[in-house]
Amino acid sequence: MMKFSNKLELRYSFNEKSNYMDAMIRHRCEKEILMMIRALSDMLDVRLTPYSEPVAVTEGYREVWAVAGENARCISVILNMMMQILIRPTLSVGGQLLTERTEQDEVLMQREIAKFRRDLKLHAVGVPPKLVDLLSSSPRFCKFKSNFYEALKGYPKVSKIFLRELNENNRPRSGSLEVKRAQFDYFILRTDELPLLVDKSATLEIISPVLRDARYRWKGIYNKGGATIDFYMQDEEFKKQMIDDKIAFSSGMCIDCVLEISRRLSELGEIVNVSYVVTTVIRTRFGKMEIVTPQGKRHLRKLEAEKEQLTLDFFA
């Protein structure tokens, strides 16, 4: 008989005496829990496999996953992190995001993950609160939580959920964490659209321009990752300069520009770039030759003025 040192218990509390649960709702919720565990184990390089364990219940519905792997201590850390993330709300009472994510947050999160991954291998214990905060507010985990609680909100029978970690004898290893139905809305995202990402130092190698019809997109190679993208050119001054032959297009032409990227979350919590828009062309480049556009000069002067204002505010 297999024995498991690490187990995760998820209990649904019902507002009626029946212990039956809609199988579709149960499996939707189970998928989000397992995907969160898998995402964390991949991030921290912890090998594990969850198994469903049959359990008896007296009321409500109880789900237990017995988790096998090479390192029981590391698995316990993963389960503890997952529980903490799942009970941390995403939205305020007014429906606004509690944390506005920035690129710096993403960089810091990756740095914290790398540090904690090393600590785990050195047998360090304890989950860093800062890392839990960063993961809990990350778009990927916000989507997992949103899917989980949205499924439960549409199932009025569930009044609350409980989470706790168990040992091999199904005795509690951690305190029980709970989320009541009245709190479900604080986890459910109002939209999958993410804040606009603005790259003020983008470089695009133009493959094919479209000058006459704004409905069609240009094609170019984006320097961040080297991917070929389709984008809209909204810098009308730049298009007019090309039409008037003040700027001539030739193979290998690059533009430094302000690029706006519209993004959304997929059902799996992945960030998907939906569209690209160039709002300002700062300069054109042909090999070593660079030409700053008139609108580019205005843009650079504006940035310099903003930088000086920040310096004055700091010293003030």
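The values are calculated or read from the model by the stated rules, or taken from the named source; none is laboratory data. What you are looking at is a predicted structure, and each value in this text was computed from that prediction instead of being measured. Please note: Cβ atoms are built from the backbone with ideal geometry, for glycine as well, and neighbour counts cover all protein chains shown. Just the protein is used for accessible areas: all its heavy atoms, side chains included, with ligands, DNA and RNA removed. Shrake-Rupley method; radii C 1.70, N 1.55, O 1.52, S 1.80 Å.
Figures for the structure shown
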read-out	value
Subset of region 96-106 (residues that are among the aliphatic types (A, V, I, L, M) and open to solvent by less than 70 Å² (accessible area, probe 1.4 Å))	none
Residue in region 252-263 that is in contact with a strand residue (DSSP E or B) (Cβ under 7 Å, 6 or more places away or on another chain), closer than 30 Å to residue 188 by Cα and at pLDDT below 95 present	yes
Restricting region 202-224 to residues that are touching a Lys or Arg at 6+ places or on another chain (Cβ under 9 Å) and among the β-branched types (Val, Ile, Thr), the residue that is least open to solvent (accessible area, probe 1.4 Å)	206
Any hit, region 7-18, residues being of a type in the set (A, V, I, L, M, F, W, C) and either under 21 Å from residue 167 (Cβ atoms) or assigned to a helix (DSSP H, G or I) (or both)	yes
Positions within region 107-122 being open to solvent by 60 Å² or more (accessible area, probe 1.4 Å) and either modelled with pLDDT of 95 or more or part of a helix (DSSP H, G or I) (or both), in sequence order	107, 110, 111, 115, 117, 118, 121
Count of region 1-38 residues which are open to solvent by less than 60 Å² (accessible area, probe 1.4 Å), under 19 Å from residue 157 (Cβ atoms) and of a type in the set (A, V, I, L, M, F, W, C)	7
Tabulated pairs, region 159-172, first open to solvent by 60 Å² or more (accessible area, probe 1.4 Å), second outside any strand (DSSP E or B), C-beta under 7 angstrom, 6+ apart or interchain	164/174; 164/175; 164/176; 168/3; 168/4; 168/5
Some residue of region 102-113 being touching a Pro at 6+ places or on another chain (Cβ under 8 Å) and within 25 Å of residue 149 (Cβ to Cβ)	no
Identity of the residue in region 202-215, assigned to a loop (DSSP other than H, G, I, E, B) and among the hydrophobic types (A, V, I, L, M, F, W, C), that ends up nearest to residue 147 (Cα to Cα)	214
Listing of strands (runs of 3 or more DSSP E) fully contained in region 241-316 that carry 2 or more residues being open to solvent by 60 Å² or more (accessible area, probe 1.4 Å) and among the aliphatic types (A, V, I, L, M)	271-286, 289-292
Tally, over region 92-106, of residues that are among the aliphatic types (A, V, I, L, M) and not in a loop (DSSP other than H, G, I, E, B)	1
Total residues in region 173-201, condition open to solvent by less than 80 Å² (accessible area, probe 1.4 Å), in contact (Cβ under 8 Å) with a residue 40 or more places away in the chain, over 30 Å from residue 263 (Cα atoms) and in a loop (DSSP other than H, G, I, E, B)	1
Only listed residue being at pLDDT 90 or above and either out of contact with any Leu (no Cβ under 8 Å at 6 or more places or on another chain) or open to solvent by less than 70 Å² (accessible area, probe 1.4 Å) (or both), chosen from 125, 93, 77, 57	77
Region 226-240, residues that are open to solvent by less than 80 Å² (accessible area, probe 1.4 Å) and over 17 Å from residue 279 (Cβ atoms)	226, 227
Given (1) part of a helix (DSSP H, G or I); (2) without any contact (Cβ under 8 Å) to a residue 60 or more places away in the chain, index of the condition residue 35 fails	(2)
